[in-house]
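J.: Can you read through this structure? Questions will come right after.
The values are calculated or read from the model by the stated rules, or taken from the named source; none is laboratory data. Remember, predicted model here, so these are calculated numbers, not experimental data. Here the Cβ positions follow ideal geometry from the backbone for every residue, glycine too, while neighbour counts run over all protein chains shown.
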Amino acid sequence: MSSTNEITLLLVDDQELLREGMAMVLGSAPGLRIVGEAGDGRAGALLARDLRPDVVLMDVRMPIMDGIEATRDIVAHCPATRVLILTTFDLDEYALTGLRAGASGFLLKDVPSAELVKAVRTVAGGEAVVSPRITRTLLDHYQVSRVPAVTGTNLLDELTGREREVLVAIGRGLSNPEIAGELFLSESTVKTHVGRVLAKLGARDRVQAVIWAHTHGLV
């Protein structure tokens with residue numbers, strides 16, 4: 001995050017009207033600042049290198065370079081920048097590919113303004129975001145081979161009671177601050193528990209933890 005504690009944003013979408021709408025919503029939110037806009041993936045990737053924003057809001061289907069390749073480029077060259085993919089459809093295979101390319105999550109473009117602002121803050125804080133509306137469809141389309149290859153019984157035996165509670169909360173789509181409030185823990189303690197849960201799962205990221213929790217009936 002920038003030294004001024006502002007969250008800096010780059011908007012990448014080939015639809016100018018959508019960019020203007022997002023800019024109005026996000027630009028008026030306290031602590032958020034739009035530092036640039038681009039109408040295609042290549043321009044977005046180059047701008048990200050120049051501006052080093054905290055968060056890039058990325059469309060997937062664009063001319064010249066799509067959002068997936070742009071995401072890969074940004075993740076490779078701007079490791080501190082987080083990418084949040086926006087998609088029109090409840091399930092977009094491009095968006096799923098975007099997660100594998102290193103995006104921190106994805107949301108539907110018709111998400112309510114307050115939820116969009118919240119998602120940006122969550123991603124800027126280092127967490128992943130997946131719209132609850134598409135979690136079930138995401139699970140249906142995720143191949144079993146992408147889920148950590150451990151048995152549910154063995155893994156659950158390795159989790160402490162608190163870690164299991166945290167895993168269930170992750171599966172429900174809660175952020176670290178929300179988990180802290182629900183379990184009456186500090187955010188730093190929650191972050192430690194999340195790290196341990198991911199390590200025991202063998203999960204690359206929070207998205208895989210969500211999938212594991214649903215697949216094994218914890219949510």
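J.: Name the one entry in 30, 53 that is surrounded by fewer than 17 Cβ atoms within 10 Å (Cβ to Cβ), at negative phi and not assigned by TED's automatic domain parsing to the domain that holds residue 178.
T.: The unique qualifying residue is 30.
J.: Something else: Restricting the range 139-187 to residues that are β-branched (Val, Ile, Thr) and under 25 Å from residue 99 (Cβ atoms), which is modelled with the highest pLDDT?
T.: Restricting to residues being β-branched (Val, Ile, Thr) and under 25 Å from residue 99 (Cβ atoms), the top hit is 166.
J.: Given the conditions (1) crowded, with 20+ Cβ neighbours inside 10 Å; (2) modelled with pLDDT of 85 or more, report the number of the one that residue 79 does not fulfil.
T.: With (1) crowded, with 20+ Cβ neighbours inside 10 Å; (2) modelled with pLDDT of 85 or more applied to residue 79, the lone miss is (1).
J.: Now for a separate question. List pairs: first in the range 103-131 and at pLDDT below 80, second in a strand (DSSP E or B), Cβ under 6 Å, 6+ apart or cross-chain?
T.: 128/105; 129/105; 130/105; 131/107; 131/108
J.: Got at least one residue in the range 34-50 being touching a strand residue (DSSP E or B) at 6+ places or on another chain (Cβ under 7 Å), surrounded by fewer than 17 Cβ atoms within 10 Å (Cβ to Cβ), among the small types (Gly, Ala, Ser) and outside the structural domain of residue 190 (by TED's automatic domain parsing)?
T.: No, the range 34-50 contains no residue that is touching a strand residue (DSSP E or B) at 6+ places or on another chain (Cβ under 7 Å), surrounded by fewer than 17 Cβ atoms within 10 Å (Cβ to Cβ), among the small types (Gly, Ala, Ser) and outside the structural domain of residue 190 (by TED's automatic domain parsing).
Results for (1) at pLDDT 95 or above; (2) crowded, with 21+ Cβ neighbours inside 10 Å; (3) closer than 29 Å to residue 203 by Cα, shown as yes or no for each residue.
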site: 11; (1), (2), (3): yes, yes, no
site: 57; (1), (2), (3): yes, yes, yes
site: 75; (1), (2), (3): no, no, yes
site: 96; (1), (2), (3): no, yes, yes
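J.: With the requirement that a residue be closer than 19 Å to residue 123 by Cβ and in a loop (DSSP other than H, G, I, E, B), what does the range 150-190 give you?
T.: Of everything in the range 150-190, those that are closer than 19 Å to residue 123 by Cβ and in a loop (DSSP other than H, G, I, E, B) turn out to be 172, 173, 174, 175.
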